[in-house]
């Protein structure tokens with residue numbers, strides 16, 4: 001029998017399809033989503049905005065309107081901004097832009113956002129890691145030594161880090177940016193919950209890229225809107241790998257409404273932070289369980305009964321995230337900070353289980 005030659009890139013056979021494998025329960029506290037639905041509070045404004053957008057056309061003034069609002073929000077000129085379908089697409093385009101051959105790799109911390117591996121692999125870019133310490137920090141020396149490899153094409157730092165939720169010292173990140181020859185991508189998806197940013201360093205460091213999203217703080221995970229910020233010279237190069245009209249007009253229209261009403265979301269962020277601190281305090285007093293404070297919209301905690309607790313919560317229709325695959329996070333779970341009633345329900349079901357075990 002004649003052997004059929006593969007019609008796809010050879011290394012794709014070794015790559016798994018990207019699947020978000022989480023339980024689907026009545027209380028979805030596993031994906032760090034918001035409990036605030038923008039359409040419920042801004043339906044009139046959104047509908048009115050959509051009426052003025054002709055979807056039979058490619059071009060519309062809504063694009064410049066969104067860019068202007070986003071420029072004002074981040075405090076940078078429009079030339080520093082590239083927009084797309086979530087932070088994930090911004091990562092994907094960055095990986096495409098730096099990959100030259102099959103030896104090339106991106107450098108990341110571990111554990112960190114799992115889709116760095118998914119999207120880099122999708123474009124044929126390998127990925128290597130520097131493991132976090134037990135205190136969720138890392139060695140700058142080890143990171144920089146690895147970055148000196150001529151095949152290292154991109155350095156990535158998620159800050160605050162997902163899934164550990166902690167912030168890395170700004171001085172440490174700056175040290176890496178200053179000593180890396182390649183681009184350094186700082187993922188600030190959870191920026192609004194931490195208030196810490198590297199944006200004011202973009203003009204100082206031409207190799208700095210910042211990626212952000214509307215999925216978390218702006219309660220728009222399903223909208224798929226994210227953006228990338230960097231020096232205009234970098235934006236010019238990155239746009240060469242971006243598809244034309246990559247961001248649909250519906251997303252752009254709703255994005256403008258969100259930014260026009262950003263005060264509503266800023267109030268929501270403050271409520272989430274308050275709920276996060278309250279939930280952390282409650283879990284801290286629970287025997288057999290150790291929570292860790294974060295600068296995000298989620299908390300992580302560990303227990304020697306974590307696998308049983310995970311199953312118990314599923315049986316209670318509560319979905320949280322198991323993050324125990326990395327040795328640093330052995331026995332760890334992650335829960336999204338949600339509305340007060342859901343946080344209370346999660347706490348009560350966790351407490352009931354732990355009281356039986358301890």
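The table below lists the values:
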| item | result |
| --- | --- |
| Residue that is nearest to residue 267 (Cα to Cα) [pool: residues in the stretch 41-52 that are modelled with pLDDT of 95 or more and surrounded by fewer than 17 Cβ atoms within 10 Å (Cβ to Cβ)] | 41 |
| Residue match in the stretch 155-174 (condition: more than 23 Å from residue 335 (Cα to Cα), in contact (Cβ under 8 Å) with a residue 40 or more places away in the chain, over 22 Å from the mean Cα position of the chain (by Cα) and not assigned by TED's automatic domain parsing to the domain that holds residue 17) | no |
| Residue in the stretch 213-232 that is surrounded by the fewest Cβ atoms within 10 Å (Cβ to Cβ), counting only those that are in contact with a strand residue (DSSP E or B) (Cβ under 8 Å, 6 or more places away or on another chain) and outside any strand (DSSP E or B) | 231 |
| Hey, residue 307 out of contact with any strand residue (DSSP E or B) (no Cβ under 6 Å at 6 or more places or on another chain), on the phi < 0 side of the Ramachandran plot and surrounded by 15 or more Cβ atoms within 10 Å (Cβ to Cβ) or not | no |
| Any hit, the stretch 234-257, residues being at pLDDT 95 or above, assigned to a strand (DSSP E or B) and surrounded by 21 or more Cβ atoms within 10 Å (Cβ to Cβ) | no |
| Any hit, the stretch 137-148, residues being more than 13 Å from the chain's Cα centre (by Cα), within 30 Å of residue 320 (Cβ to Cβ), part of a loop (DSSP other than H, G, I, E, B) and not assigned by TED's automatic domain parsing to the domain that holds residue 297 | yes |
| Of residues in the stretch 23-40 being over 20 Å from the mean Cα position of the chain (by Cα) and not in a helix (DSSP H, G or I), the one surrounded by the most Cβ atoms within 10 Å (Cβ to Cβ) | 27 |
| Residue under evaluation residue 12, criteria (1) under 24 Å from residue 115 (Cβ atoms); (2) without any contact (Cβ under 8 Å) to a residue 60 or more places away in the chain; (3) touching a strand residue (DSSP E or B) at 6+ places or on another chain (Cβ under 7 Å), criterion not met | (3) |
| Matching residues, the stretch 327-358, being assigned to a loop (DSSP other than H, G, I, E, B), modelled with pLDDT of 95 or more and surrounded by fewer than 17 Cβ atoms within 10 Å (Cβ to Cβ) | 330, 331, 339 |
| Of residues in the stretch 122-154 being touching a residue at least 40 places away in the same chain (Cβ under 8 Å) and within 29 Å of residue 302 (Cβ to Cβ), the one surrounded by the fewest Cβ atoms within 10 Å (Cβ to Cβ) | 134 |
| Among (1) surrounded by fewer than 12 Cβ atoms within 10 Å (Cβ to Cβ); (2) assigned to a helix (DSSP H, G or I) - the single one residue 70 does not satisfy | (1) |
| Residues being assigned to a loop (DSSP other than H, G, I, E, B) and loosely packed, with under 15 Cβ neighbours inside 10 Å - total across the stretch 155-181 | 2 |
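The values are calculated or read from the model by the stated rules, or taken from the named source; none is laboratory data. Note that the coordinates shown come from a computational prediction; the quantities given were computed from them, not determined experimentally. Neighbour counts run over all protein chains shown; Cβ positions are idealised from the backbone, glycine included.
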